[in-house]
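Here's the structure, in structure tokens; my notes come after.
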Amino acid sequence: MTFCGIKITHDGGIALIENNELIFSIELEKVNNNNRYAGISDLSEIEELLNSKGYDINEIDHFIVDGWHIDRSKTTTPIHSIIETKSSGKPIALQVSTYNEESLKENNLNANFFKDALPINGKNFTYSSYKHVTGHVLSAYCASPFAAKKEDSYVLVWDGGQYPRLYYVNPNSKKIENKGTLFFLTGTIYGIMGHYFGPYKKTETERIEDQRQMTLNGFFGGLSIAGKIMSYMGEGHINHDLLNALPQLYKSNMEISVFFEHKFCKAVEAYTKNISCTDADVLLTIHTYLEQMIIEKLQKKLKKDAYAKANFCFAGGSALNIKWNSSIRATNLFKEVFVPPFPNDSGSAIGMACAGMWEHTNHSHITWNPYVGPDIKKSEVPAGWAETACSLEDLALLLHHKNEPVVFLSGCAEIGPRALGNRSLIAAASSPDMKACLNRVKKREPFRPVAPICLLEDAATIFDPGCEDPYMLFNHDVREDWKDKVPTICHVDGSARLQTVAPDCAAKEIRILLEAYKKISGIPLLCNTSANYNGKGFFADVKTACEWGKLNYVWNNNTLYTKVTNPTIFNVGQVLENSNS
């Protein structure tokens, strides 16, 4: 039985589960070098994506569409929401489920059913739709190791459209119990606080426009800012006067509205005018306060339930916060902690397919790996590039001796927002200048960190805790005796967003490369950052990587493409651009 999950709005795409195996998940941003967070602009794209993986749309048993926000001006039925999109170029209003629950007792597993109402290329297909939050709950739980063992688990969902809400999933009864809200700040708080403090600070006029857009169409204030804020606050220090004041600022300004995050940040802004602190200090202090609230409220929920030590999943965009993830794990409140590599809306299509599977089969888990995105497109290499055979062992030698970054394209793309070794810029981590080099070619701010990708068996030697973390979603500290050996991957606070690569990893080529590089250099890790144009999804093909042209080498399928016309000059990590591009 096949289940096709569909996410139409931002981070749009489709995912296919056959029986209980995730066959593929394709986000639109990773197709044809589309913009980051691209949605499905026309329903005909659904058939194109299915065909790209060899599936006939007429053979799909169930289509399941992600729910979304209710616009009261466009619907009189509060059980439905409306998404305005197109089908074969014609505007349509597609009915879907809502974003989240109206009450604790509302059943998240109740689907809306629409017969012959999904028009794709002249045919009408029947589909169901679940609440958006249901997709987050089930994408995280069904992908977890707990689901495979039929163990219960808590699931915390905190994204841009809702408060942090805790659920309890029982795979044996197939029920999701809503445990309620932890506190009353939506996941937008992280981006919005960056509009008041730090390098992305906005004027009051710009903030007012943001709030107007939020009222009109659910605009969340910038999807790309939160991760950058997490990087920037590494330069700060906790201000304990502010930290002690934040609970009262939260309490005295609290209101249930989409504007509370702004009201809270304005109160912080007013308070900090009278104390000595940098913007990085303020952001780190707010982050710490939120972290303390998460843990405190989780402790209270768990104490009230009094279950045996339980498992825990985290989903929603806030689950991309490696500092919070690690702090939750370090509390030992839970038996085990799992965060999928697609916790934000990049996993919503997967969640919808999981909801269909949950409803129509006896399965409560999926078998999966993160390398089931789009294939590398066949393409013509542009003029000015030479093509030579190059094994992974040869590539390891080049990385070690040339000390230049390489575009590394392998197999199918990763799912989720992190580059996990199949669509990466890779480089040796031994040069103190390499981070500046990579940030410059990617047009990123100088404070942005570069992540390490490391052989699992060596991780604990270099990092603390250095445990298995294959999806780059937890914080690790670089051990003192390694900081001078791998300075590129050390953030300003001594941390690193580690990805470990196990011997049985599905990304076999990056594993072989790391093994070969260790034999040559004695270092079992490389730098890893995403291969893409600024503001776009991963490179779709070799041609695009060559046309981007910021590096001299592109590797794919045992072939090295070398820029021979007007190559970029690398000198002690500084990039001397050969053009004004």
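Cβ separations smaller than 8 Å between residues 6+ apart or across chains give no pair from the range 291-311 residues that are in the same structural domain as Trp158 (by TED's automatic domain parsing) and farther than 27 Å from Ile189 by Cα to residues that are at pLDDT below 95 and assigned to a helix (DSSP H, G or I). Among all positions in the range 51-68, there is no residue which is under 13 Å from Pro119 (Cα atoms), at pLDDT 95 or above and among the small types (Gly, Ala, Ser). The set of residues in the range 202-214 being loosely packed, with under 13 Cβ neighbours inside 10 Å and either in a loop (DSSP other than H, G, I, E, B) or not assigned by TED's automatic domain parsing to the domain that holds Gly161 (or both) consists of Thr203 alone.
Within the range 69-84, restricting attention to residues that are at pLDDT 75 or above and not in a strand (DSSP E or B), the residue that is surrounded by the most Cβ atoms within 10 Å (Cβ to Cβ) is Ile70. Ile256 meets the conditions (1) outside any helix (DSSP H, G or I); (2) under 30 Å from Gly537 (Cα atoms); (3) not basic (Lys, Arg) in every case but one. The failed one is (2).
Condition check ((1) within 27 Å of Met230 (Cα to Cα); (2) among the hydrophobic types (A, V, I, L, M, F, W, C); (3) in contact (Cβ under 8 Å) with a residue 12 or more places away in the chain) across all residues:
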| residue | (1), (2), (3) |
| --- | --- |
| His365 | no, no, yes |
| Lys378 | no, no, yes |
| Pro382 | no, no, yes |
| Glu387 | no, no, yes |
| Leu392 | no, yes, yes |
| Cys412 | no, yes, yes |
| Arg418 | yes, no, yes |
| Ser431 | yes, no, yes |
| Lys442 | yes, no, yes |
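Results for (1) more than 17 Å from the chain's Cα centre (by Cα); (2) assigned by TED's automatic domain parsing to the domain that holds Gly416; (3) without any contact (Cβ under 8 Å) to a residue 12 or more places away in the chain; (4) surrounded by 18 or more Cβ atoms within 10 Å (Cβ to Cβ), shown as yes or no for each residue.
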residue	(1), (2), (3), (4)
Asp11	no, no, no, yes
Leu28	no, no, no, yes
Glu45	yes, no, no, yes
Leu50	yes, no, no, yes
Gly54	yes, no, yes, no
His62	yes, no, no, yes
Lys86	yes, no, no, no
Ala93	yes, no, no, no
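Taking the conditions exactly as written (within 22 Å of the chain's Cα centre (by Cα), crowded, with 20+ Cβ neighbours inside 10 Å and either assigned to a loop (DSSP other than H, G, I, E, B) or not assigned by TED's automatic domain parsing to the domain that holds Glu291 (or both)), does Pro446 satisfy them or not? It is false that Pro446 is within 22 Å of the chain's Cα centre (by Cα), crowded, with 20+ Cβ neighbours inside 10 Å and either assigned to a loop (DSSP other than H, G, I, E, B) or not assigned by TED's automatic domain parsing to the domain that holds Glu291 (or both). The set of residues in the range 472-511 being under 20 Å from the mean Cα position of the chain (by Cα) and either farther than 22 Å from Met233 by Cβ or among the charged types (D, E, K, R) (or both) consists of Arg497, Thr500, Val501, Cys505, Ala506, Ala507.
Matching residues to (1) touching a residue at least 40 places away in the same chain (Cβ under 8 Å); (2) out of contact with any Lys or Arg (no Cβ under 9 Å at 6 or more places or on another chain); (3) of a type outside the set (A, V, I, L, M); (4) not in a strand (DSSP E or B):
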residue: Gly5; (1), (2), (3), (4): yes, yes, yes, no
residue: Ile14; (1), (2), (3), (4): yes, no, no, no
residue: Leu22; (1), (2), (3), (4): yes, yes, no, no
residue: Ser25; (1), (2), (3), (4): yes, yes, yes, no
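Inspect all residues belonging to the range 290-308 and state whether any of them is in a loop (DSSP other than H, G, I, E, B) and within 30 Å of Asp504 (Cα to Cα). The answer is no, given that none of the residues of the range 290-308 is in a loop (DSSP other than H, G, I, E, B) and within 30 Å of Asp504 (Cα to Cα).
Of all residues in the range 349-404, those that are of a type in the set (Gly, Ala, Ser) and on the phi > 0 side of the Ramachandran plot total 1.
The values are calculated or read from the model by the stated rules, or taken from the named source; none is laboratory data. What you are looking at is a predicted structure, and each value in this text was computed from that prediction instead of being measured. Note that we place each Cβ from the backbone using ideal geometry, even for glycine, and neighbour counts take in every protein chain shown.
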